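Only one structure is covered here, and it is reproduced in the block below.
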Amino acid sequence: MSDSQRAAQLRERLNDASYAYYVLDAPTLEDAVYDRLYRELQNIETRHPELVTPDSPTQRVGDRVSTKFPAVPHDIPLYSLENAFDREELLAWEERWQRKLETEIPDYAYTCELKIDGSAIALTYEDGLLVRGLTRGDGTIGEDITTNIKTIRSIPLRLRIDDPPPRVEVRGEAFLPIATFEAINRDRAGRDEEPFANPRNAAAGTLRQLDPRIVAARQLSFFAYTLHLPDAPADRVPLSQSATLELMQTWGFQVNPHRALCPSIADVAGYYDRWDTGRHDLPYMTDGIVVKLDRVALQRQLGFTQKFPRWAIALKYPAEEAPTIVRAIVVQVGRTGALTPVAELDPVQLAGTTVSRATLHNRDRIAELDLHVGDTAIVRKAGEIIPEVVRVLPELRPADAIAYHLPEHCPECGSKTLKPEGEAVTRCVNSSCPAIVRGSLAHWASRGALDIDGLGDKLIAQLVEREWVTSIDRLYDLSADLVARLDRMARKSAIKLITAIEASKQQPWNRVLYGLGIRHVGSVNAKAIANRFTSVELLASATEDEIADVYGIGSEIARSIVEWFQHETNQKLVDRLRELGLQLQIGVDADESPADRPLAGKTFVLTGTLPTLKRSDAKAKIERAGGKVTGSVSKKTDFVVAGEAAGSKLTKAESLGVAVLDESEFLRLLDQPPARSNSS
């Protein structure tokens with residue numbers, strides 16, 4: 001079988017598997033099998049770029065970072081929806097559209113769909129292939145975010161139909177599932193960044209990221225709800241909204257499964273009531289329902305106002321806000337020393353749950369609210385997830401209410417706090433603060449880091465309180481006998497914990513890097529950084545510019561890493577982790593000697609611009625393979641890797657008879673096994 005035939009075969013199989021996984025929720029391939037087939041396709045396309053097609057799964061994450069998104073007119077305007085907030089307004093809407101008809105009111109029904117709380121996008125397909133994705137914008141002009149749209153795996157790159165219409169316009173909602181949203185916020189908290197307020201804001205911000213790899217990492221999803229077929233013959237256009245949704249599903253789109261065909265407005269009200277409570281169990285956010293006349297002929301007859309379709313309306317659920325009394329304000333100290341004030345409240349029901357605590361974010365937010373202990377405050381769930389204080393009602397303030405000010409000393413260790421210039425957060429800067437140690441241990445043991453099963457918050461609190469563990473490296477000094485002395489810790493459980501701690505030494509370098517808890521370094525960033533700087537030594541000696549040159553890593557992260565490695569305490573921690581046997585490098589087996597690596601003992605010089613590799617990438621590959629990179633050519637140089645505009649280094653290499661490699665020859669050299677002696 002030729003590479004061309006194999007690539008086509010792999011594309012079809014992988015696209016089928018993605019459709020089954022992301023749209024049907026019925027996986028057909030194990031992850032490991034999918035990854036191996038994907039890598040095979042990727043290798044074929046690397047060897048034969050002419051075989052890359054727009055619908056190849058490898059094209060879902062582009063390499064190009066945008067500097068801006070061009071404004072593009074919508075071929076078909078994106079209208080917004082009129083809102084109704086109760087049944088009376090819903091009935092009034094029905095009366096309006098019925099009055100608008102100049103003929104006798106025909107038989108009709110309504111299609112009801114959940115109103116997904118995300119960001120509207122418009123997709124254009126030509127001859128079945130996705131060619132453009134736009135934001136809503138102002139409804140007439142949107143931003144071209146096609147590269148980012150392609151990262152959403154529930155959006156087909158090619159329609160699943162043999163004879164597609166020449167042009168297809170699909171509208172729908174890009175959104176973040178709640179579990180994904182919460183994971184992103186945990187990651188942002190780990191990097192000491194302000195969490196997103198709700199999934200809608202997070203989805204909109206994600207779609208406008210200039211780096212498509214960040215978009216891909218956030219795992220947006222998509223529900224389709226509108227279809228336009230401007231060039232299709234009449235017999236191919238669905239006659240109803242319900243049929244339209246069915247058709248889009250057969251073409252490969254994810255369509256919300258909780259839609260319903262309602263014969264009357266009373267049935268619509270019943271659907272609305274059912275989901276008023278049921279929505280709290282959904283894995284995504286919804287803030288209402290969308291009601292549409294089902295028959296397309298009726299939709300066309302009614303048409304549009306300047307802003308809205310007359311044949312559709314959004315019936316919104318009331319915003320869940322409630323008044324309650326602030327009984328106290330406590331301060332939580334995180335692993336980075338950040339002080340977060342939290343209001344303790346009289347319990348109140350919000351979004352189906354009881355809320356008794358709400359975040360106040362920081363000192364500036366408290367000042368903005370003019371918050372006093374004893375105030376009556378309005379509380380809501382931001383995005384129905386994070387309880388927060390929205391405002392206070394000063395007219396209900398009791399005479400003995402006490403104005404609150406964030407403490408100037410850490411409530412955990414008593415050290416004086418610091419509010420760094422340019423930051424809203426106040427911090428404890430004592431690295432031995434019990435709260436910081438507890439947070440650091442919890443982060444180190446978390447699933448995305450060293451994943452130490454059994455090391456929970458209660459156990460960590462005991463270890464820190466007894467001062468048995470004062471930093472993450474001290475975990476590895478624990479014994480089963482010692483741990484068994486803790487409260488509610490049987491010997492069997494103690495042995496299991498010590499085994500898990502010991503096993504964590506085999507976690508890869510990127511997890512160790514994330515576990516160190518360097519500010520702004522999340523799990524995704526840690527992986528990208530570890531792939532470039534393949535050992536802790538390389539990262540510790542890197543400059544800000546070299547780190548910021550990693551794809552998706554900015555100057556703030558780079559500066560944070562450099563500053564972290566400059567602290568003597570952190571240097572000692574790294575040395576101790578190395579002594580303990582933690583994985584502080586990648587690409588080298590623990591038992592592999594330097595002589596076993598393919599470029600062991602070889603000296604390289606890099607010059608000129610390579611076709612696909614950045615010089616820092618090439619340098620990392622050489623060092624990972626056991627070689628060394630120097631800045632000048634000499635008789636001791638084994639190879640010069642030369643790209644375009646190589647200059648004087650190439651000339652000197654030729655004069656000294658040093659072997660000169662182009663990029664493809666260099667990559668082939670990396671794949672060769674190391675030379676071994678025949679002696680035994």
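Taking Cα extents along the principal axes in Å as calculated from this structure, the corresponding entry among (1) 97, 76, 50; (2) 113, 57, 42; (3) 114, 59, 49 is (1).
In the context of the full set of protein chains, the chain has a per residue accessible area of 50 Å² (1.4 Å probe).
Which of the chymotrypsin sites (Phe, Trp or Tyr not before Pro) across region 36-120 are loop residues per DSSP, with 14 or fewer other Cβ within 10 Å?
85
Ordered from largest to smallest accessible area (heavy atoms of protein chains, 1.4 Å probe), the residues 447, 365, 295 come out as 447, 295, 365. Of all lysines in the structure, the ones whose alpha carbon falls short of 26 Å from that of residue 416, not counting any fewer than 8 places away in one chain, are 572.
Centre-to-centre separation between the Cα atoms of region 377-448 and those of region 544-576: 26 Å.
Residue ranking by accessible heavy-atom surface, 1.4 Å probe, largest first, among 154, 2, 415 comes out as 2, 415, 154. Electrostatic bookkeeping for residue 644 treats Lys and Arg as +1 and Asp and Glu as -1; over the other residues with beta carbon under 11 Å from its beta carbon, the sum is -2. Its relative contact order, with pairs defined as Cα atoms under 8 Å and 6+ residues apart, puts the chain at 9 percent.
Ranking 413, 112 from most to least accessible surface, computed with a 1.4 Å probe over the protein chains only, gives 413, 112.
Applying a 4.7 Å Cβ-Cβ cutoff to the chain leaves 112, 262 as cysteine residues with no disulfide-compatible partner. Of all aspartates and glutamates in the structure, those lying under 12 Å Cα to Cα from residue 381, and not within fewer than 8 positions of it along the same chain, are 320, 321.
How do 270-277, 339-346, 394-401, 419-426 rank on mean C-beta neighbours within 10 Å, highest first? All intermediate terms of the calculation are to be shown ahead of the outcome.
Numbers: 270-277: 15.5, 339-346: 19.1, 394-401: 11.0, 419-426: 12.8.
Packing proxy ranking, top to bottom: 339-346, 270-277, 419-426, 394-401.
Partners of residue 68 within straight-line reach, counting aspartates and glutamates whose Cα lies under 20 Å from its Cα and excluding those fewer than 8 residues away in the same chain: 138, 143, 144, 211, 549.
Atom-type composition of the exposed protein surface of the chain places 49 percent of the accessible area on carbon and sulfur (1.4 angstrom probe).
The values are calculated or read from the model by the stated rules, or taken from the named source; none is laboratory data. None of the values given here were measured: they were computed from a predicted structure. With ideal geometry, Cβ positions are generated from the backbone for all residues, glycine too; neighbour counts draw on all protein chains shown. When the accessible area is computed, the model is the full protein with side chains, heavy atoms only, and any ligands, DNA or RNA have been set aside. Shrake-Rupley method; radii C 1.70, N 1.55, O 1.52, S 1.80 Å.
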